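Chemist: Mind looking over this structure? Questions follow.
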Amino acid sequence: MFKKDLRKSILFVLLTALLLLLGACSNANEENTENNESNETENTEETQGNMEGMDHSNMDMSGSGEVPEGLEEAASPTHEVGSKAIIESDHMPGMKGAEATIAGAYNTTVYTISYTPTTGGERVEDHKWVIHEELEGAGDEPFEPGEEVTVNADHMEGMDGAAAEIDSAEQTTVYMVDFTTTTDGKEVKNHKWVTESELSSTK
């Protein structure tokens, strides 16, 4: 009788231990699943946040071909209108390495700017590029880094009318280009702007 009760007690203890172990495993799996879901959510939110803050993330790559009043055409640009060049800049996916056709060449001052879109959202840092003639109140002298300006260009949603800070200024030749994206084969017309240093010869 004693041995039978002992066996029952041992069996009960073993079953209890097994149930506790299974419960612990189940809780651990649930915690791992919750942690994974939490990490995935955080990663997704972080990626979306980076995309919102990325330069040119919501840019309309094509343009009308119209240029601001007073913009001076380059007399003898390195890359002549109608010629081919390779884009070396990576402002957006599918741009770097694309073969471009020069649609326009102009002498001006180009700026990188930081601004908060008028439509809301995160502040855009070091946006490339806006030109002197696209800034409100532009005179004969270029703006200096640190100056506050108002943008009169709509390269990106929420840019037109935005208050911006000049991050850098450079006197150079800027180009309007046509190209096909290397990522999805999309045709882009009259893209504004790429600079002299962002183009290389096809030869």
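The values are calculated or read from the model by the stated rules, or taken from the named source; none is laboratory data. Please read all numbers here as calculations on a predicted model, not as lab measurements. Cβ sites come from the backbone with ideal geometry, for glycine too, and all protein chains shown count toward neighbours. Just so you know, the surface numbers come from the protein's heavy atoms only, side chains and all, with ligands and any DNA or RNA stripped out. Shrake-Rupley method; radii C 1.70, N 1.55, O 1.52, S 1.80 Å.
Chemist: What do you get when you divide the Cα radius of gyration of region 146-203 by 2.2 N^0.38 Å, with N the number of residues?
Modeler: In units of the 2.2 N^0.38 Å rule of thumb, it is 1.41.
Chemist: Towards the positive end of the charge dipole of region 70-203, with charges on Cβ (+1 Lys, Arg; -1 Asp, Glu), say which of SER197, HIS79, THR109 has the farthest Cα.
Modeler: HIS79
Chemist: Another question about this same structure. Whose amide H sits under 5 Å from the amide H of THR78, counting only residues 5 or more places off or on another chain, with H placed in the peptide plane?
Modeler: For THR78, whose amide H was placed from the backbone, there are no distant partners under 5 Å.
Chemist: On to the next question. Keeping every protein chain in place, order ASP160, ASP90, ASP178 by accessible area at 1.4 Å, biggest value first, i.e. largest first.
Modeler: ASP90, ASP160, ASP178
Chemist: Subtracting the Cα-Cα distance from 0.36 nm times the residue separation, let me have the gained length for SER168 to LYS96 in nm, one decimal.
Modeler: 23.7 nm is the gain from fully extending SER168 to LYS96.
Chemist: Hey, another quick one. So, for region 154-203, what is the accessible surface per residue at a probe of 1.4 Å, expressed in square angstrom?
Modeler: In whole numbers, region 154-203 has 47 Å² accessible per residue.
Chemist: Full-extension gain between GLU187 and ILE86, please, as 0.36 nm times their residue separation minus the C-alpha to C-alpha distance.
Modeler: Net length gain for the segment: 34.8 nm.
Chemist: Please give the length that would be gained between ASP126 and THR78 if that part of the chain were fully extended, namely 0.36 nm times their separation in residues minus their C-alpha to C-alpha distance (nm, one decimal).
Modeler: 14.7 nm
Chemist: Can you sort SER89, SER201, SER76, SER168 by solvent-accessible area, 1.4 Å probe, largest first?
Modeler: So, going from the largest accessible area down, we get SER76, SER201, SER168, SER89.
Chemist: Could I ask something else about it? Hey, what's the Cα Rg ratio for region 92-203 versus the globular rule of thumb, 2.2 N^0.38 Å?
Modeler: 1.10
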